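Student: Starting off with a structure, shown below.
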Amino acid sequence: MAPEGKSPRLPEAGQWPDRVAPAALVAGIVLTTVGFLMAFLWVPPVGGASVGGAELIGDAMVSQKLLLSQKIFYFHMPVAITSFIALVFGAWYSLRFLRTREARYDTCARIALEITLLFIALTMITGEMWTRFEWGVWWSWEPRLTTYLVLMLVVIAYFVLRGSVDEPERRAAFSAVVAIIAFIDAPICFMVTRLIPSSIHPVVLREGGMSPEMGLCVAVVAAGMLCVAFALYRARFRQVRLAQRVEALKEELGD
Amino acid sequence: MAEREKQERARRSDAPASPRSELCARPSALEQYRVLLMKDLRQELRTKEMLVSMGIYALLVIVVFGVALSFARPGADFLEVSGGLLWALVVFTSLLGLNRSFSHETENGCLEGLLLAPLDRGVVFLAKATSNLAFLAIVEVIAVPLYWVFFSSFAAPAASAPLIVVPLLLGSVGIAGIGTLLSTITASTRGKDVMLALLFVPVVFPLLYACVSATTAALAGGVLMEEAFATSLALAAGYDVVMLLASWVLYDFVVS
């Protein structure tokens, strides 16, 4: 009973969510695979068009390519949703850190933002592919693209900032503030780029509205991606926390 | 410039009238704010370090623009670019100023002294943001006419051009607010100049977008003016309110 006095200060790891994480990973893999198959085999192409197996020439070839390139939408949008949800968690943990000053929440926020960066990168990659095929350019200053670019830059700056502050206490406070600012900035950025009626920049207009099949497919993939993100988060969290625990134990033994 | 000095003199003259004699009484928040603001302004007026470097930097940016545009054909199209160029000038100059504004606080341990004093952190933030805004405004008062002198030969702006004062003001308020928070953060990091730019540019992006839109609308006039000016200004003002509130609240965590 005597050494109990010190143990609460050790960084703890391996709570119940770690046991759920492998199951979440499997579920995520299954769901995204199902979504992948659904996207290509079950969901009809947009606008009721059909992709014929026949080899068509010229104009028709292009439209066929377009119809297939649209399939990336079923990954692009869920990945984007996941990245934003991860950012929400990052900001939430940052807020909790600022309130409680517990190092645990700082680690949580940092890892949530790592997941955010990963999924933002995936969003940008899938988005770029789509932009290239649908609009024929690598980049356009469209509201969603712009918002994600800005968001990505802030999250990268977050990690650069973390790298350039040595004191753990101060680093945690600074990065928590930046995470919250990033979370506030992203919606404003979207609104600003969306709402300003602009004959200065061409705004690419697309009609919204998904058919029920499309919606279902997106939902399945989004659920899968969220499971994957959760499993990744827990795995990384466990790894970082255990490393911190080892450090703490070493220090304790050194005394 | 002269007007500001007059204001300052007026403030100085009524300073002794304030209740300083009661040593036990804590000075009011307004008094604290005024003392902090005057400290920054006085320091700047004596050294003129920041204003000179910002002013010359603004002129240099204009020279670079001159080179960049030297092969552009003069025409009405230029008005659509000029708003953006003007804001590039403002952003780069303000980055320089923000970097400077905290460097002399950290140099001699002034920040520690400031924090040891029983001051409300929100007051510190407001004073610092106001002094940054003042410097930025002075530089803009010099730089915008210069910009006009150098580039008015390209195309004559529309009649609504003087209205660019409104987006300039809204933009400067936002830049000073969020910039003060971010420069406080980066003042104590390694490689702080780069760090500030890394954080500042993406965070201020929405404000910049709205202000460029409003400025371009004012310069080009016509349909653009009717369509975009009011919306852009409303969005810029919204950004200012949200970000100033957020910075004000979060400042406490940054300096403690």
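Rule-based calculations on the coordinates, nothing more; no lab input. What you see is a predicted model, and the numbers here were worked out from it, not measured in a lab. Positions of Cβ are generated from backbone atoms using ideal geometry, with glycine treated the same way; all protein chains shown enter the neighbour counts.
Student: Take the alpha carbon gyration tensor of chain B, find the square roots of its eigenvalues, order them as a ≥ b ≥ c, and report rounded if a/c is under 1.5; if not, report prolate when a/b exceeds b/c, else oblate.
Tutor: Details: a/c = 1.91, a/b = 1.84, b/c = 1.04.
Prolate is the answer for chain B, as a/c is 1.5 or above and a/b outweighs b/c.
Student: Given 0.36 nm per residue, what is the gain on full extension from residue A:128 to residue A:252 after removing their alpha carbon distance, in nm?
Tutor: Net length gain for the segment: 39.6 nm.
Student: Can you give the calculated 222 nm mean residue ellipticity of chain B, where each DSSP H run of n ≥ 4 adds -39,500 (n - 2.57) and the sum is split over every residue, rounded to the nearest 500 deg cm²/dmol?
Tutor: -28000 deg cm²/dmol
Student: Round to the nearest 10 and give me the degree value, 0 to 90, for the angle of helix B:165-187's Cα axis relative to the longest principal axis of chain B.
Tutor: 50 degrees
Student: Compute the distance from the alpha-carbon center of the range A:214-252 to that of the range A:101-126, in whole Å.
Tutor: 10 Å
Student: As I understand it, the value is the acute angle between the Cα axis of helix B:121-151 and the longest principal axis of the Cα atoms of chain B; what does it come to in degrees, rounded to 10?
Tutor: So the helix axis and the longest Cα principal axis differ by about 30 degrees.
Student: What is the extension gain from residue B:52 to residue B:137, computed as 0.36 nm multiplied by their sequence separation minus the C-alpha to C-alpha distance, in nm to one decimal?
Tutor: Difference between extended and current length: 29.3 nm.
Student: May I pose another question? Using the basic label-point model (7 angstrom from Cα toward the beta carbon), what is the residue A:88 to residue A:139 distance in nanometres?
Tutor: For residue A:88 paired with residue A:139, the spin-label model returns 3.0 nm.
Student: Could you tell me what % of all Cα pairs in the protein assembly as shown have separations over 33 Å?
Tutor: Details: 66629 of 130305 pairs.
Summing the P(r) of the protein assembly as shown above 33 Å gives 51 percent of all pairs.
Student: Could you tell me the largest-minus-smallest coordinate of the C-alpha atoms of the range A:128-201 on each of the three principal axes, in descending order and whole angstroms?
Tutor: Largest first, the range A:128-201 extends 47, 26, 16 Å along its Cα principal axes.
Student: Please find, in a Gaussian network model of chain B (springs between Cα atoms separated by less than 10 Å), the residue of B:215, B:106, B:47 whose mean-square fluctuation is greatest.
Tutor: B:47
Student: If you line up the long axis of helix B:192-220 against the longest principal axis of chain B, both from Cα atoms, how many degrees apart are they, to the nearest 10?
Tutor: On a 0 to 90 degree scale, this one is about 50.
Student: How high is the FRET efficiency between residue A:239 and residue B:230 when r is their beta carbon distance and R₀ equals 51 Å, given to the nearest 0.05?
Tutor: E between residue A:239 and residue B:230, to the nearest 0.05, is 0.45.
Student: Taking the alpha-carbon centroid of each part, what is the distance from the range B:178-256 to the range B:112-131 in angstrom?
Tutor: Centre-to-centre distance over Cα atoms comes out at 21 Å.
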